[in-house]
Amino acid sequence: MQVLSASAVWISGGIEIFNLWLRPNDIAIILVTAIPLALLVANTAKAMPTRILFMAIAGMFAFNILFTGSRNGMHQQSIVEV
């Protein structure tokens, strides 16, 4: 068991946050859901630094889906981003 933060603990095979067990597929679904929201904020922001920040966040979410090892997450990402 490895402590990631005050509320998140990495236990072999998933993350436990606030007594909620998140497996890699669950984490991938959360990231896939957050990508369009980050892109929406990036497209509606008026300030250029805000746009760049949220585009970077969306890219980081997309990149982190690779690290979950979730095939379902990769499939969902390809559908959402088309």
Inset, instruction - Need at least 1 residues that are among the aliphatic types (A, V, I, L, M) and at pLDDT 80 or above per element, so show me which strands (runs of 3 or more DSSP E) inside the chain make the cut, counting only ones lying wholly within it. - result: none
Legend entry - Of all residues in region 30-53 being surrounded by 13 or more Cβ atoms within 10 Å (Cβ to Cβ) and among the small types (Gly, Ala, Ser), the one that is farthest from residue 80 (Cα to Cα): 45
Inset, instruction - Please go through region 25-82 and pick out each residue that is of a type in the set (Phe, Trp, Tyr) and within 12 Å of the chain's Cα centre (by Cα). - result: 61, 63, 67
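The values are calculated or read from the model by the stated rules, or taken from the named source; none is laboratory data. The structure displayed is predicted, hence computed values, not measured ones. When we count neighbours, we look across all protein chains shown, and the Cβ atoms used for this are built from the backbone with ideal geometry, even at glycine.
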